[in-house]
Amino acid sequence: MMSTNRLTIGVSLLAAMGGVALAARSFQSGSPAVAVARTATVAAVPATPLDAAHPTVVELYQSQGCSSCPPANANVNAIADRPGILALNFAVTYWDYLGWNDSFASPDYTARQWAYAQAAGGAQVSTPQVIINGRAAVVGSNAATLAAAITANARATPGPVIAADGGRVTIGAAPASADATVWLVRYDPRNLAVPIRAGENGGRTLDHRNIVRSLTALGGWHGRPASFALPAADPIYRSAILVQQGKGGPIIAATQI
């Protein structure tokens, strides 16, 4: 899966889901610090016609140790506040064994990316990778390509209604072609500037938006109304609900709560 000097990029997964592979190399150890930056890196991602009530989920899988990741990170940062977009930045762990521990990485996020790979029939994963509505993957480094993929992979139907009230979230009734998982995502909407002191990005300060801090499976949804208790949240973070078919399948409904 990975060599000692290079992470093998998941060409098979990207081909299956419509993406392009980029090379990445090893890096050395270090220890990151985090600060809240006043401004984010802005990338010229073209406008996309989207429905703010039923956002398109844009998941970025990246690592602070990946020299190919900053352009994709900047592109996703640039659309983080755009109506109709739910941008989620997942930091993966599989670069950490090379010595640089990503500030925000979690095995749960790596497992989620692997679920997408396996659902697409792939045997490898890669960074950077942007997955849109659980349906298609692109590298994300090219702003125009990212915008086109977002437009092309909007959900055809809004899916079940998601409503949150009194510490609970309810998923309404809707036709269901397969069982689904209800995910609670907690993420940090601030722009976090992280100085990188070693590795491929050593000497740079990388901006992060909508960094995912927790990912929790609340339970299953099978087409009938279902209600779930919401755990207490850090007030700094925002919350989102995803209703996703199968393991690594399409996201059929999503909202910020």
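Looking at the stretch 73-91, can you tell me whether even one residue there is more than 25 Å from His54 (Cα to Cα) and in contact (Cβ under 8 Å) with a residue 24 or more places away in the chain? For the stretch 73-91, residues more than 25 Å from His54 (Cα to Cα) and in contact (Cβ under 8 Å) with a residue 24 or more places away in the chain: absent. Inclusion of Gly134 among residues that are buried (at least 17 other Cβ atoms within 10 Å of the Cβ) and part of a loop (DSSP other than H, G, I, E, B) is warranted. Of all residues in the stretch 139-187, those that are of a type in the set (A, V, I, L, M), within 16 Å of the chain's Cα centre (by Cα) and within 16 Å of Asn75 (Cβ to Cβ) total 5. Residues in the stretch 137-157 that are closer than 30 Å to Asp96 by Cβ and either outside any loop (DSSP other than H, G, I, E, B) or modelled with pLDDT of 95 or more (or both): Ala137, Val138, Ala143, Thr145, Leu146, Ala149, Ile150.
Just the residues that are among the small types (Gly, Ala, Ser), in contact (Cβ under 8 Å) with a residue 12 or more places away in the chain and either touching a Ser or Thr at 6+ places or on another chain (Cβ under 8 Å) or part of a strand (DSSP E or B) (or both), please, taken from the stretch 162-189.
Selection gives Ala164, Ala180.
The numbered conditions (1) open to solvent by 40 Å² or more (accessible area, probe 1.4 Å); (2) in contact (Cβ under 8 Å) with a residue 12 or more places away in the chain are all true for Cys69 except (1). If the condition is being in contact (Cβ under 8 Å) with a residue 60 or more places away in the chain and either part of a strand (DSSP E or B) or surrounded by fewer than 20 Cβ atoms within 10 Å (Cβ to Cβ) (or both), then the stretch 190-204 contributes Arg190, Asn191, Leu192, Ala193, Val194, Pro195, Arg197, Ala198, Gly202, Arg204. Among the residues of the stretch 221-235, the ones that are open to solvent by 50 Å² or more (accessible area, probe 1.4 Å) and out of contact with any strand residue (DSSP E or B) (no Cβ under 8 Å at 6 or more places or on another chain) come to 3 in all.
Residues of the stretch 163-177 include at least one that is open to solvent by less than 40 Å² (accessible area, probe 1.4 Å) and modelled with pLDDT under 95. Of the residues making up the stretch 178-189, those that are open to solvent by 30 Å² or more (accessible area, probe 1.4 Å) and modelled with pLDDT of 95 or more are Thr181, Trp183.
So which strands (runs of 3 or more DSSP E) are wholly in the stretch 209-257 and hold at least 3 residues that are of a type outside the set (Lys, Arg) and farther than 23 Å from Ala154 by Cα?
Values: elements: 211-221, 226-229, 238-245, 251-256.
Here the list reads 211-221, 226-229.
The values are calculated or read from the model by the stated rules, or taken from the named source; none is laboratory data. What you see is a predicted model; the values in this text were computed from it and never measured. Using ideal geometry, Cβ is built from the backbone for each residue, glycine included, and neighbour counts are taken over all protein chains shown. Only protein heavy atoms, including side chains, enter the accessible area calculation; ligands, DNA and RNA are left aside. Shrake-Rupley method; radii C 1.70, N 1.55, O 1.52, S 1.80 Å.
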